[in-house]
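Take a look at the structure below.
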Amino acid sequence: MSLLRKPLATLVVAGALVFSGPAPAGAKAATGCAKTYTAVPNDSWNRIATKVKVKMSLLLQVNKATASTLLLIGDVICLPKSAVTKAPATSGLKLKAPAKRYSVKQSTAIIREIWPDKLENRAIALATRESHMNAAAWNSCCVGLFQINWQSHKSWLVGIGITSAQQLLDARVNAKAGYAIYKRSNGWGAWN
C-alpha cells in the first residue's frame, strides 16, 4: 500500500471515547507489479475486478489476499497482466478564443430574445451562475453562457446545426442550445 498504516486513534466527541491501537491488517504494498490500481471510495475487491475485467479470484491471488482483506482508500494493489485499464483522461476541450465577444448586456438581450418570457429571468440567473454571463467561458467539459457539456450533448446538437464545441462560444448559439436542452429535459434538471 502506498499509505503507511499508522496506529489508529479515534476520538468520539459525543461520548469522549478514545481508542488507540493498531490499524486492521489490509492489502500488502503493491511492489513489482506490471500494472497497479489505487483504491477509491466505495471500492471492493469485486468492484475493482469488475472495473478491470478480471475474475475476482485472480485479483485476490496476485495480491495474496482474501475477500475479507481490508481495502482502504489510497491503497495501491497489483493487477493481473490481463487487466484492462483505461488510458488517462485527456485534458478536455481545446478551443480557440471566439471571433466575437459579447458584453453582459448583449448576452442578456440574446437570452431574452431566445427564451420564452416566463423562463427568461431564470435562464439569465442560470447563465449568470454558470458563466458569469461570459459567452467565451469554457473548461474541460462545458462551454459558453449555459456551460453546456459538449460530450454529453454533441450527438443530438448536430440536429440543430451545432457541429463543434467552438460554436457554443457564440452567445446566440449557446442560448439556443441551452433552450433546446431545457425542452429535451422538460425543465432545469440538466443544470441542477
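The values are calculated or read from the model by the stated rules, or taken from the named source; none is laboratory data. Just so it is clear, the model here is predicted, and its values are computed rather than measured. Cβ atoms come from the backbone with ideal geometry, glycine included; neighbour counts cover every protein chain shown.
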_Out of the residues in segment 57-85 meeting the condition of being in contact (Cβ under 8 Å) with a residue 24 or more places away in the chain and of a type in the set (S, T, N, Q), tell me which one is farthest from Gly32 (Cα to Cα)._
Thr69
*Test Trp156 against the criterion of being buried (at least 21 other Cβ atoms within 10 Å of the Cβ) and either farther than 17 Å from Pro116 by Cβ or over 22 Å from the mean Cα position of the chain (by Cα) (or both), and give yes or no.*
no
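Using the structure shown, decide if Ala135 is more than 12 Å from Ala175 (Cβ to Cβ), of a type in the set (Gly, Ala, Ser) and assigned by TED's automatic domain parsing to the domain that holds Gly178. Before you say what the answer is, go through the steps one by one.
Values: more than 12 Å from Ala175 (Cβ to Cβ): no; of a type in the set (Gly, Ala, Ser): yes; assigned by TED's automatic domain parsing to the domain that holds Gly178: yes.
So Ala135 fails the test.
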*In this structure, is Ala190 outside any loop (DSSP other than H, G, I, E, B), surrounded by fewer than 20 Cβ atoms within 10 Å (Cβ to Cβ) and touching a strand residue (DSSP E or B) at 6+ places or on another chain (Cβ under 9 Å)?*
yes
*asked:* For a quick check of your reading of the model, give me the residue pairs whose first member lies in segment 93-109 and is within 18 Å of Arg129 (Cβ to Cβ), whose second is assigned to a helix (DSSP H, G or I), with beta-carbon atoms closer than 6 Å and at least 6 apart or on different chains.
replied: Tyr102/Ala171; Ser107/Ala171; Thr108/Ile124
